[in-house]
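To start, the structure itself, in structure tokens.
The values are calculated or read from the model by the stated rules, or taken from the named source; none is laboratory data. All values derive from a computational prediction rather than experimental measurement. Methodologically, a virtual Cβ is constructed for each residue, glycine included, from the backbone with ideal geometry; neighbour enumeration extends over all protein chains shown.
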Amino acid sequence: MAKNTTTGRRLRADGTSAVVAADVAIHRGYGDHVRAALDELIKSGKQFTADDVRARIPEDVAPHSANVLPAIIGGYAAAHRIVSVGMTRPARPSRRYSRNLVWVRGDAA
């Protein structure tokens, strides 16, 4: 498959990289919890959503940006570690009109 280097995709990738890199600052670590939760859910082989990932993160750990979780999920999807199999309504009231993808383990997991 040819690498897509359109400006929009490149800018999205740059933004994703920036938000993930900012999470590794000395006082952060939310991304480590997201990755651990994703790895656990992938290993289970069951379908899951971002709400399931969020539920596995300790309550006292907060992201520096609301974009950390979607950026990491997007990275797992781009690496084919997870694939989207549908959509569902988010559990959080603040996201009631958003799409919440349903994920399962991908070929590269």
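Annotations
- If you go through region 30-72 and pick out every residue that is of a type in the set (Gly, Ala, Ser), under 19 Å from Ala91 (Cα atoms) and free of Cβ contacts under 8 Å to residues at least 24 places away in the same chain, you end up with 3.
- Hits in region 10-25 - residues which are surrounded by 12 or more Cβ atoms within 10 Å (Cβ to Cβ) and modelled with pLDDT of 80 or more: Arg12, Ala13, Gly15, Thr16, Ser17
- Screening the candidates Ser84, Ser94, Ser65 for the property of being touching a helix residue (DSSP H, G or I) at 6+ places or on another chain (Cβ under 6 Å) and of a type in the set (Gly, Ala, Ser) yields one hit, Ser65.
- For Ile42, the requirement of being surrounded by 18 or more Cβ atoms within 10 Å (Cβ to Cβ) and either at pLDDT 95 or above or of a type in the set (Val, Ile, Thr) (or both) is met.
- Beta carbons closer than 9 Å, at least 6 apart along the sequence or on distinct chains, pair a first residue in region 81-100 that is within 14 Å of Pro70 (Cβ to Cβ) and of a type in the set (Ser, Thr, Tyr) with a second that is modelled with pLDDT under 85 and in a loop (DSSP other than H, G, I, E, B) for Ser98/Arg89; Ser98/Pro90; Ser98/Arg92.
- The one condition in (1) in a helix (DSSP H, G or I); (2) in contact with a Lys or Arg (Cβ under 9 Å, 6 or more places away or on another chain); (3) modelled with pLDDT under 95 that His64 fails to fulfil: (1)
- Hey, Val85 in contact with a strand residue (DSSP E or B) (Cβ under 6 Å, 6 or more places away or on another chain) and hydrophobic (A, V, I, L, M, F, W, C) or not: yes
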